[in-house]
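What follows is a short report on a single structure.
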């Protein structure tokens, strides 16, 4: 080997021109952490805390006569509210389990085998995420209710009606909504998991199933994340509670909570007391997650990992997989799609099944019907961009820093997932309507700004949870290496780290964008006058009996969101450097 | 241009009170290859991370060349220190091919893309990887990845190179070959190098000087020969390669380090003692409790009835190493000597004689409070020994008697 001195034209190092950084100045990282916590306090903690305090101190917000009372909390532990809370807990646990039970095998089949329709399955996951929960729920109701489509088509199957319009149907719809969370979290973890772990297990005598049992615990953080998200999403869901569960006379916590606000006279202290119980219930999966992962390291993503290879499925395996994918697509998407599309192609009145495109024509010729869609697209894009930055920051804190602040952040973010959006919005109304803020010149209520802040705050917890799995797999040495070899902090991140997590960041952005685009409860309570988002416009049309136009708006909005997701994913595949595409994707 | 590195009273205190570096002072000359040797948790990685600026020091000063990198008021971030580093896990960016990984380090030089690629190709050629320049890290073997990491560290011609146990993930054969390559490359480049390892053989093979770290303190710095022949403490002696240790009392006194001394080793029979000669590593008073640290080269195997035999031992194990056999000898009472060399294969369980070279028997004051183990009487050589006399040592080692003739 030649050992001659380097002949390079080595120039004057930039460091010689740069001045020393003074230790006396506060470190940038400390400033950043402080700013991050201030943002969290303002957009999540303060509004939620105000609403929670209301439960024990109604007088503080002119909602009662006592400055300190436990009466609202005691009241919700009895009667119908207690039944509803109990129902929410077991239904959410079952839905979280169903989400992982379906999402895990699908994620593994898509990541590690040559199963057919992998691309469409991934797309279907995004589609399930795009649909607000009330849409599939209404689809099922419309199909199986006694005067519904099933009976009009001559299928007299009352046992299906009883099964769907009951706890089983609620678990099914909520569980299917959890599948994408499991799929995305576990797919990201599987993508970062090199082939060597499975190879090692097989070499040391494990069967294929045994090797999976070995690899399983390595992706435990992703599985626990999926369970935690699934439980929290189900506990806080409002769309199913207000439609399918309501129709089935099966009370859930969020609907009872909504009823407490919506009934006359409204009881904000009761609603706040119920939110205490829902927030506390999130402690269950969090405690289980912490207990399962305590003291272990799951850092497996590095330059030394070998890409996973795809397992070839035989004809029987391909047929079984195909059948399973189709059943999932039919149950998760077919039914709600049938409800929405058939509604958009029917007239508002009459009993005939005559199909027409009149609703679409009317919509495309009226800016009052299309403007909300454009508006929500802008809201979604802006919110997603801000949320991904904050979500990544939170994920870094959660994975790198240890201590009470991290545990507090962990609990805060997960608890915030469980706060029903309608309560979140109610908290915003209360907090940003306080006379104190007006005296300080902060008048955000009924502005687009407050709506966007609320969107961001409600999206951040889920976003951060999804990113934690990937961020925890990053080896710190990759960033350190870039710094040591001359890159500044930002450039080191952009060149040495960002490409490795570009795919999870993109997924997080798309998830947030989709969720905000069709978000209903926060939009309904906080939208700026005369500037309704698309979900509010759809709701207005449906409540005013414009079923055709309303459902046509829904179909167009969903199609548009799906198109954007596909375009963004396609653009990433086409435009991202080849090296980026290798990260997070197995060898093809 | 190689730079001089100076550390003055450097401290690193982590949140939570863990003092990782405690008053470390050290000067490394331009072009010198200094190896920091220490066990896990000794602070060697922390010291390297403080040098490159990933960690902030809690006190003291670090200077590289004429520039202060860190002190009580100043902390220069890593990218402004103009140094390079080979990481333990290589830290190759998996989304970049080998050439891009290497070329990355040239961005700070203000070169064009074409210049960077040309320089990276030249450096990859020097480490024998030109043909693999378009491969991603996970398409390279461990040794190839290590070479890419080394190429990235050398390509920019920085004055300082830091190596964080770069060979610890490799197999023994590859480790030896790459160790030679690293030594050749860094010396050819003339770069001042700080290399950390927990492997004393690697340290002695590479270093111009070796620094030994223990619990955050730099306990000794010297050439490999100085460290080996005159360790400053029992810890350094133990960490830099021992065959075993014997405990006893000094006969006479040592006025200065390096003086020859005689040590009496207690036996199970009152009034009987084995006597060995050693070198005092510090002034020692007469009758002082001492421990004799035996370098492997000091332990020589002879016939059991040879007049040269100072002790008797039973062969517990013999491992072929190409040149001969590295043996484990049991003296009884739990005392064992490892790495004793023999050209001939000794039978396992055979009784052999042990001769100790005074030059490699290093006497330190014995501060241990545990009871001193007594050698069994059978470990003492005699002109005529019966099998009955040898019983105690055999019982102590749990082995059966074999014929003395072990060749």
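Read the figures in this text as sums done on the coordinates, not as results from a lab. Quantities reported herein were computed from a predicted structural model and do not represent experimental measurements. Neighbour counts are summed over all protein chains in view; Cβ atoms, including those assigned to glycine, are modelled from backbone coordinates with ideal geometry.
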Within 10 Å of the Cβ of an average residue in B:103-115, the count of other chain Cβ atoms is 4
For q values of 0.10, 0.11, 0.14 Å⁻¹, compute log₁₀ I(q)/I(0) with the Debye formula on a Cα-only model of chain B, without solvent. -0.78, -0.88, -1.13
Given bins 10 angstrom wide, list per bin the percent of all Cα-Cα distances in the stretch B:5-235, short to long. 8, 33, 35, 20, 4, 0
If you take the beta carbon distance between residue B:27 and residue A:407 as r and set R0 to 30 Å, what does 1/(1 + (r/R0)^6) give as a FRET efficiency, to the nearest 0.05? 0.10
Could you order the peptides A:169-178, B:356-365, B:169-178, B:185-194 from most to least packed, using the average number of other C-beta atoms within 10 Å per residue? A:169-178, B:185-194, B:356-365, B:169-178
Could you tell me how many degrees, from 0 to 90 and to the nearest 10, lie between the Cα long axis of helix A:220-236 and the main elongation axis, the longest principal axis, of the Cα atoms of chain A? 20
State, as an integer percentage, the relative contact order of chain A based on alpha-carbon contacts under 8 Å between residues 6 or more apart. 21
Based on alpha-carbon centroids, what's the gap between the stretch B:66-104 and the stretch A:49-80 in Å, whole number please? 57
Inter-chain shielding metric for B:151-162, i.e. average beta-carbon neighbours from other chains within 10 angstrom, reads 3
Roughly how tilted is helix A:134-144, in degrees to the nearest 10 and between 0 and 90, from the longest Cα axis of chain A? 50
Cβ-derived FRET efficiency at R0 60 Å, residue B:321 paired with residue A:436, nearest 0.05: 0.15
What are the extents of the Cα atoms of the stretch A:328-443 along their three principal axes, in Å, largest first? 63, 46, 24
Mean projection area, nm², convex hull over Cα of the stretch B:144-217: 5.2
Label-to-label distance, nm, for residues given as residue A:151 and residue B:282 (7 Å Cα→Cβ offset): 9.7
Sort B:146-157, B:68-79 by packing, meaning the average of other beta carbons within 10 Å per residue, with the highest value first. B:146-157, B:68-79
Mean separation of Cα pairs under 8 Å and 6+ residues apart, divided by the residue count of the stretch B:5-235: what relative contact order is that in percent? 28
Spin-label pair residue B:1/residue A:489, simplified geometry with 7 Å Cα→Cβ offset, distance in nm: 3.1
Taking each residue of B:137-145 in turn, how many C-beta atoms of other protein chains fall within 10 Å of its C-beta, and what is the average? 3
Can you give the convex hull volume of the alpha carbon atoms of the stretch A:362-588 per residue, in Å³? 170
In whole percent, what relative contact order does the stretch A:320-415 give with Cα contacts below 8 Å and a gap of six or more residues? 11
Take the eigenvalues of the Cα gyration tensor for the protein assembly as shown, scale each by 5, and report the square roots as semi-axes in whole Å, largest first. 69, 32, 30
For chain A, take the convex hull of the Cα atoms, compute a quarter of its surface area, and give me that in nm², please. 34.7
Calculate how steeply helix A:315-329 sits against the longest principal axis of the alpha-carbon atoms of chain A, using the helix alpha-carbon long axis, and give the answer as 0 to 90 degrees to the nearest 10. 50
So what is the 222 nm mean residue ellipticity for the protein assembly as shown from helices alone, if each DSSP H run of at least 4 adds -39500 (n - 2.57) and you divide by all residues, rounding to the nearest 500 deg cm²/dmol? -15500 deg cm²/dmol
Sort the following peptides by mean Cβ neighbour count (other Cβ atoms within 10 Å, averaged over residues), highest first: B:283-295, A:56-68, A:114-126. B:283-295, A:114-126, A:56-68
Contour minus Cα-Cα span, residue A:214 to residue A:531, at 0.36 nm per residue, comes to 108.8 nm
Cα extents of the stretch B:242-397 along the three principal axes, largest first (Å): 42, 37, 29
